[in-house]
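Notes to accompany the following structure.
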């Protein structure tokens, strides 16, 4: 590769080619990536430029460097969720292998503006906030930030927050069946806080999903989740 666009830094153009190469090698079952010396010969650039290009993929979670051993491919197949049915959508994660949840926060807080309308409480009333980090093979994939009615939130134990979905808890702990779930998904860029929790670089693609869970009595839970765009996708089957 010798023809470079002078308007774009060389390492950025090389990083684009390395993504394709890493994907090709990943599909071929290879774990070790090309060495810096091999890449220098391939692209005809300096070692510093190659290191900058490789670092871009390291920050994206596609490659990792192990001192004294080399560069390795860590790209994972994307997790997916079927959004056609409520039970599949809200419980599907808990059937994944190597799945783990970390409870980051739980407690009563004054109800934020907008949340009060959804949960049917008065502005400033106490509600329960729960923040959980979901990991797959020890890689952080989703940050959940939920608000639910205090009378339910304070009855759920740490162990239950870690091991069960909210749909499972409402059905089995409170004998309440979900009647409706409303979700909205949009693409956003990771800010500093999200990038630190999900271990991605600032500006990385994030799937931002807001959700409301309703039972016969009304909305019992609302909030949002931030998904790593390189690790997650949604699937839906549409029919007439």
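Overview of results
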{"item": "Förster radius 25 Å - calculated FRET efficiency between residue 174 and residue 105, Cβ distance, rounded to 0.05", "result": "0.70"}
{"item": "Extension gain from residue 163 to residue 25, taking 0.36 nm per residue of separation minus the Cα-Cα distance", "result": "46.1 nm"}
{"item": "Taking 111, 219 and counting other C-beta atoms within 10 Å, the order from fewest to most", "result": "219, 111"}
{"item": "Fewest-first ranking of 105, 161, using other Cβ atoms within 10 Å as the exposure measure", "result": "105, 161"}
{"item": "FRET efficiency, residue 67 to residue 186 (Cβ-Cβ, R0 45 Å, nearest 0.05)", "result": "0.70"}
{"item": "Net lengthening on full extension, residue 210/residue 5 (0.36 nm per residue, minus Cα-Cα)", "result": "69.8 nm"}
{"item": "Using alpha-carbon coordinates, inclination of helix 47-59 to the longest axis of the chain, degrees", "result": "20"}
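Computed from the coordinates by the stated procedures, all read-outs in this text should not be read as laboratory data. Worth saying up front: this structure is predicted, and the values here are computed from it rather than measured. Quick reminder, even Gly has a Cβ in these numbers, built from the backbone with ideal geometry, and neighbours come from all protein chains shown.
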